[in-house]
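Read through the structure below, which is laid out as structure tokens, and then see the notes.
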Amino acid sequence: MTERLCVHGAAWWTEEEGDLRPALLPPRLRRRTSPLTRAVAEVVARLQAQTGVDPAKVPMIHASAMGEIGTTLGLLAMMQEGNGAVSPTRFHNSVHNTAAGYVSIATGNRGFSTALAAGSQTPAMALVEAFSVIHAGATEVMVIVAEETLPAPLLGPAYESLAVALHLGAAERGGDHLHLSTPRIRSVPDVPALPPTLAKNPCAPAWALSQALEIRRVGNVSLEAGKRSGERGWCVEIAEAECV
Amino acid sequence: MAGYPITAFSVVNGLGSTAREVESKLFAGISGLGQPPFEPPFPVTCGAVTSDLPDLPSRLRSLDTRQARLVAASLQEILPAVIRARSRWGGDRVAIVVGTSTGGIAATESAYRTYCATGSMPSSFDLNRHHSMQASVDVVRACTELHGPGYVVSTACSSSGKILGSARRLLGLGIVDAALVGGVDTLCEMTIRGFHSLEVLSSDPCRPFSSQRAGINLGEGGAFLLVEREGDGPVSVLGVGETSDAHHMTAPHPAGIGACDAMRLALAEAHVEPAQVDHVNAHATGTRLNDRAEARAIGDLLGAVPVVGTKGYTGHLLGAAGATEAVFTMMAITRGEIPGSLGADPVEPDLGIDVVVTPRELKTRVAISNSFAFGGSNVAVVLGGPS
């Protein structure tokens, strides 16, 4: 069992930063993309700048609970108008792996890429898959968890969009300070309250993890949205690297 | 041979509601194509599940959608094996990984129509319980009482090939001792209109690898496989290769490089040489582009290997295609017989592969099942029978 992964870096974006024009996507590709896909491309680029990860080579695990929900609603609206014809671009941009596809095309990454969904456990399962990819032989992996705000009129909780990217590896590199343990179900610890704009986002635990890594706060972090302190849920432990 | 045994499987689609019925029609060359279960916006041929889908048990009624009922129906025949595995390994040591591209979108379509007519979404509609991808996992969890990690892989048409990669990796990691993996997709207006807008939908039965092929038919169905750390099963998952084309969101790379790499990686993981592959269950959607690129990829790597395309029986099951065709490949391995590629005749000349048109007796020790998807997502699964 791969017991821990080294944290090479973490990057994030939240909606309060405003709209994005990520340079990772050339204009020809970028203009067809949703805010969600642009947020994913942005955090991939930020992580590259931070750790030097090569997005053309690193295996990528994309995860989102609702995926391209804005584009999907747009399609539903098109189907109710006129003769109900839909835009072919919008259709292929509604698949859950849209961001994964655009990032791979933009970077030329022909390697492993996947797109997961697991509701409130999305951040947890993304990390489980990441551990499994490293255990299977990869030396590094990028985990990108992203969730966009729900469009009206869907009846759902109100939250703002976020995207988080983690660069994790099997072995320490110079500058690594932290490890993550294999995700486990355990008693959820006390956690700092989330900002109200993100509190109901099913992927908020990924953002919380990025913030804990940023300030090097060791200990358990909940990876499952909506869990309260003391309840059992998926967690990951942040520990200090043994050799800095 | 090494690999993880597949100790049980189940399958429901346009061919039938039991594995026996599906297998019988597959190898008799009987099509499961017909009309969708709703009035389509224009003439289509689909692989609809025509049998009644049983109502969900009352404790699952809050999850009720056609997708949920198809998930539950698709699980029926594998449940005894799952219960056995749960007892053997512990409920928290069995993972659930489901491939789906549609999820509950058909229910969302219906709810949105109500919104347009009345100004409100129906109060009975719940985003998490009806629309979300995870709802399909929730149905599996409720039917099986498994407590291990559970998630959806949603990479369009490669989804339920990739779940076999996840199964291998989760077992390799040691976080579970078994994985109940599968794929379920339901017919809906969005995919019918969407593929039509891309001009790849054929209103007639699809013709994989045929010189007369004119596009895809959509289908619906579900298939599940139980992969265990050890156990009895005539077929094992030997290797899975997953790559990206990095080329275009919908068109495959014309040289089939990504597809070829997926097969090559899967064979390397399986410790199998290309010459040892006895047959390939191709993705073979019936589009001009896919079938030509795929034939090139298969031919370049494996030469004139026997290749079968089975979408002429079921249509393209999208997120359920990978798991369904893995089951078809398992059936071919255990029967010592490859089904015919329904609709392939006349086969396009000069493809460089041996397209199996009518059922052929062939002992298969090693087979590959391919699935390729939007976003350039490729997966190849190597399955092995007894030596």
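If A:VAL143 passes every condition in (1) at the interface with chain B (Cβ under 10 Å from one of its Cβ atoms); (2) within 19 Å of B:SER154 (Cα to Cα) but one, which one does it miss?
Against the list (1) at the interface with chain B (Cβ under 10 Å from one of its Cβ atoms); (2) within 19 Å of B:SER154 (Cα to Cα), A:VAL143 comes up short only on (1).
Taking the range A:138-185 only, how many residues are more than 25 Å from A:GLN50 (Cα to Cα) and either without any contact (Cβ under 8 Å) to a residue 60 or more places away in the chain or under 13 Å from the mean Cα position of the chain (by Cα) (or both)? Show your work before the answer.
So the first thing to find is which residues in the range A:138-185 are more than 25 Å from A:GLN50 (Cα to Cα), and the list is A:149-159, A:184-185.
Subsequent filtering for residues that are either without any contact (Cβ under 8 Å) to a residue 60 or more places away in the chain or under 13 Å from the mean Cα position of the chain (by Cα) (or both) retains A:152-153, A:155-159, A:184-185.
Selection size over the range A:138-185: 9.
Consider A:ALA138 against the criteria (1) more than 9 Å from every other protein chain (Cβ to nearest Cβ); (2) surrounded by fewer than 24 Cβ atoms within 10 Å (Cβ to Cβ); (3) in contact with a strand residue (DSSP E or B) (Cβ under 8 Å, 6 or more places away or on another chain): it satisfies all of them except one. Which criterion is unmet?
(3)
I'd like to know if the range A:81-99 contains one or more residues that are at negative phi, charged (D, E, K, R) and away from every other protein chain (no Cβ under 12 Å).
Within the range A:81-99, the subset at negative phi is A:81, A:83, A:85-99.
Now drop any that are not charged (D, E, K, R), which leaves A:81, A:90.
With away from every other protein chain (no Cβ under 12 Å) added as a condition, the list becomes none.
No, the conditions are met nowhere in the range A:81-99.
Would you confirm whether or not the range A:21-35 contains a residue that is touching a residue at least 24 places away in the same chain (Cβ under 8 Å), out of contact with any Gly (no Cβ under 9 Å at 6 or more places or on another chain) and in a helix (DSSP H, G or I)? Spell out the reasoning first.
Applying the first criterion (touching a residue at least 24 places away in the same chain (Cβ under 8 Å)) to the range A:21-35 yields A:24-26, A:29, A:32-35.
Next cut, out of contact with any Gly (no Cβ under 9 Å at 6 or more places or on another chain) only: A:24-26, A:29, A:32-33.
Still in the list and also in a helix (DSSP H, G or I): A:29.
Yes.
Residues to consider are B:PRO339, B:PRO386; find the one that is modelled with pLDDT under 95 and away from chain A (no Cβ under 14 Å).
Just a single option satisfies the conditions, and that option is B:PRO386.
Residue under question is B:VAL307, and the condition is that it be at pLDDT 95 or above, within 18 Å of B:ARG264 (Cα to Cα) and touching a Gly at 6+ places or on another chain (Cβ under 6 Å); does it hold?
Spelling it out, it is not the case that B:VAL307 is at pLDDT 95 or above, within 18 Å of B:ARG264 (Cα to Cα) and touching a Gly at 6+ places or on another chain (Cβ under 6 Å).
B:VAL71 fails exactly one of the following numbered conditions: (1) more than 10 Å from chain A (Cβ to nearest Cβ); (2) touching a strand residue (DSSP E or B) at 6+ places or on another chain (Cβ under 7 Å); (3) not in a helix (DSSP H, G or I). What is the number of that condition?
It is condition (3) that B:VAL71 fails.
Can you say whether A:GLY111 is touching a Lys or Arg at 6+ places or on another chain (Cβ under 7 Å), of a type in the set (Gly, Ala, Ser) and facing chain B (nearest Cβ under 7 Å), as far as the supplied structure shows? Explain how you work it out, then say what you get.
Values: touching a Lys or Arg at 6+ places or on another chain (Cβ under 7 Å): yes; of a type in the set (Gly, Ala, Ser): yes; facing chain B (nearest Cβ under 7 Å): yes.
So A:GLY111 fits the description; yes.
Pairs please, first residue from the range B:338-356 and of a type in the set (D, E, K, R), second anywhere and surrounded by fewer than 24 Cβ atoms within 10 Å (Cβ to Cβ) and modelled with pLDDT under 95, Cβ atoms under 7 Å, 6+ apart in sequence or on different chains.
B:ASP354/B:ALA304
Of the residues A:VAL103, A:VAL95, which is over 21 Å from B:HIS130 (Cβ atoms) and either without any contact (Cβ under 8 Å) to a residue 60 or more places away in the chain or surrounded by 23 or more Cβ atoms within 10 Å (Cβ to Cβ) (or both)?
Residue meeting the stated conditions: A:VAL103.
When you scan the range B:166-191, how many residues do you find that are of a type in the set (Gly, Ala, Ser), part of a helix (DSSP H, G or I) and surrounded by 24 or more Cβ atoms within 10 Å (Cβ to Cβ)?
The first filter runs over the range B:166-191 and keeps only residues of a type in the set (Gly, Ala, Ser), leaving B:166-167, B:172, B:174, B:178-179, B:182-183.
With part of a helix (DSSP H, G or I) added as a condition, the list becomes B:166-167, B:172.
With surrounded by 24 or more Cβ atoms within 10 Å (Cβ to Cβ) added as a condition, the list becomes B:166-167.
Adding up the residues that qualify gives 2.
Could you identify the single residue in B:ASP204, B:ASP291 that is outside any strand (DSSP E or B), away from every other protein chain (no Cβ under 14 Å), buried (at least 24 other Cβ atoms within 10 Å of the Cβ) and among the acidic types (Asp, Glu)?
Exactly one residue qualifies, and that residue is B:ASP291.
With respect to B:THR358, is the statement that it is surrounded by fewer than 19 Cβ atoms within 10 Å (Cβ to Cβ), in a loop (DSSP other than H, G, I, E, B), at negative phi and of a type in the set (Ser, Thr, Tyr) true?
It is true that B:THR358 is surrounded by fewer than 19 Cβ atoms within 10 Å (Cβ to Cβ), in a loop (DSSP other than H, G, I, E, B), at negative phi and of a type in the set (Ser, Thr, Tyr).
Inspect all residues belonging to the range B:108-122 and state whether any of them is in contact with a strand residue (DSSP E or B) (Cβ under 8 Å, 6 or more places away or on another chain) and among the aliphatic types (A, V, I, L, M).
No, the range B:108-122 contains no residue that is in contact with a strand residue (DSSP E or B) (Cβ under 8 Å, 6 or more places away or on another chain) and among the aliphatic types (A, V, I, L, M).
Collect the residues in the range B:111-129 that are farther than 30 Å from B:ARG141 by Cβ and among the polar types (S, T, N, Q), keeping them in residue-number order.
Listed by number, the residues that qualify are B:THR118, B:SER120.
How many residues are buried (at least 20 other Cβ atoms within 10 Å of the Cβ) and of a type in the set (Phe, Trp, Tyr) when one looks only at the range B:86-107?
0
Among the listed residues B:VAL153, B:VAL176, identify the single one that is over 19 Å from the mean Cα position of the chain (by Cα), of a type in the set (Val, Ile, Thr) and at negative phi.
Values: B:VAL153 fails: over 19 Å from the mean Cα position of the chain (by Cα).
Criteria check complete, one pass: B:VAL176.
Anything in the range B:249-288 that is within 13 Å of chain A (Cβ to nearest Cβ), in contact with a helix residue (DSSP H, G or I) (Cβ under 7 Å, 6 or more places away or on another chain) and of a type outside the set (Gly, Ala, Ser)? List them, or say none.
Listed by number, the residues that qualify are B:MET249, B:THR250, B:PRO252, B:HIS253, B:CYS260, B:ARG264.
Suppose the filter is touching a Leu at 6+ places or on another chain (Cβ under 6 Å) and either surrounded by 21 or more Cβ atoms within 10 Å (Cβ to Cβ) or under 23 Å from B:TYR4 (Cα atoms) (or both); does B:PRO234 pass it? If you could, list the steps in order and put the result at the bottom.
On the way: touching a Leu at 6+ places or on another chain (Cβ under 6 Å): no; either surrounded by 21 or more Cβ atoms within 10 Å (Cβ to Cβ) or under 23 Å from B:TYR4 (Cα atoms) (or both): yes.
Judged against the criteria, B:PRO234 is not a match.
Please enumerate the residues belonging to the range A:60-86 that are surrounded by fewer than 22 Cβ atoms within 10 Å (Cβ to Cβ) and in contact (Cβ under 8 Å) with a residue 12 or more places away in the chain.
Selection gives A:GLY70, A:LEU73, A:GLY74, A:MET78.
Which is free of Cβ contacts under 8 Å to residues at least 60 places away in the same chain and out of contact with any Ser or Thr (no Cβ under 8 Å at 6 or more places or on another chain), of B:GLU189, B:GLU145?
Testing whether each residue is free of Cβ contacts under 8 Å to residues at least 60 places away in the same chain and out of contact with any Ser or Thr (no Cβ under 8 Å at 6 or more places or on another chain) leaves just B:GLU145.
Does any residue in the range B:85-103 that is at pLDDT below 95 come within less than 7 Å, Cβ to Cβ, of a residue that is of a type in the set (Asp, Glu) six or more places away or on a different chain, and which pairs are these?
Sorted first by the residue in the range B:85-103, then by its partner, the pairs are B:THR102/B:ASP185.
For the range B:60-68, does any single residue satisfy the condition of being over 19 Å from the mean Cα position of the chain (by Cα), part of a loop (DSSP other than H, G, I, E, B), among the β-branched types (Val, Ile, Thr) and at pLDDT 95 or above?
The answer is yes, given that some residue of the range B:60-68 is over 19 Å from the mean Cα position of the chain (by Cα), part of a loop (DSSP other than H, G, I, E, B), among the β-branched types (Val, Ile, Thr) and at pLDDT 95 or above.
Need the failing condition index for B:GLN134 against (1) within 9 Å of chain A (Cβ to nearest Cβ); (2) surrounded by fewer than 24 Cβ atoms within 10 Å (Cβ to Cβ), just the number.
Here B:GLN134 clears every test but (2).
The values are calculated or read from the model by the stated rules, or taken from the named source; none is laboratory data. Computed from a prediction, not measured in an experiment: that's the story for all the values here. Cβ sites come from the backbone with ideal geometry, for glycine too, and all protein chains shown count toward neighbours.
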